[in-house]
Structure formats: structure tokens, C-alpha cells
Amino acid sequence: MKDDIVYSAYSMFLAFSLLYIGSKNETKQQLSNVFGFSSVAENHFVEFMSRLMKGSDKESSVAVEIANGLWGAENFKFKDEYLERINNWNVE
């Protein structure tokens, strides 16, 4: 086991947010319970995450850039509705 591995809580939160957007039923409820997603209305979640990633301090001299990716198995087909939702998670 390596001793020099660092896990970013923020990156893990973003990864689970991507999972939450595409989940249903018990999985969605469990993610909601663990991460507190239930405090944000379902239809506003993508907008909420976009605002969170943009930040609120426009005058700051500090910039944080996050790069995330989403990969499925070679033969896995993501649902168009899911891809549309995450593509709208615009952080520009």
C-alpha cells in the first residue's frame, strides 16, 4: 500500500454528485442522506452545483480549476437525458 496517496474530499463530492444526477430510488436516497443533497430541490441540483463550482468571490486573486471526466465501459451507452444534464453543468 502506498503512503503518499491524497484524496480530495471536494473531488470525491463532485464525483458522487455526478452519480447522484443519474441515480434513482434507493441509490438516490442513500446519496442524498450521506451528502445532504436533499437540501437542494431535485430540479435545481445542476444549477446549484454549477454555482458552487464557479465560486462567489469574483475579486479573489486565487483561482481553482477542476477537471473531471466521466468514462463508461466501451460498450456502455449513457442515457441522453443524463448526458444533457451533466453537459448543462456549465462552469465557465
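Residues in the range 1-22 that are of a type in the set (V, I, T) and at pLDDT below 80: I5, V6.
Take the residues in the range 23-40 that are among the hydrophobic types (A, V, I, L, M, F, W, C) and modelled with pLDDT under 85; name whichever of them is nearest to F13 (Cα to Cα).
If we filter the range 23-40 for residues that are among the hydrophobic types (A, V, I, L, M, F, W, C), which is where we start, we get 31, 34-35, 37, 40.
Retained after the next criterion (residues that are modelled with pLDDT under 85): 35, 37, 40.
Details: F35: 8, F37: 11, V40: 15 Å.
If we take residues in the range 23-40 being among the hydrophobic types (A, V, I, L, M, F, W, C) and modelled with pLDDT under 85, then F35 is nearest to F13 (Cα to Cα).
The values are calculated or read from the model by the stated rules, or taken from the named source; none is laboratory data. Note that the coordinates shown come from a computational prediction; the quantities given were computed from them, not determined experimentally.
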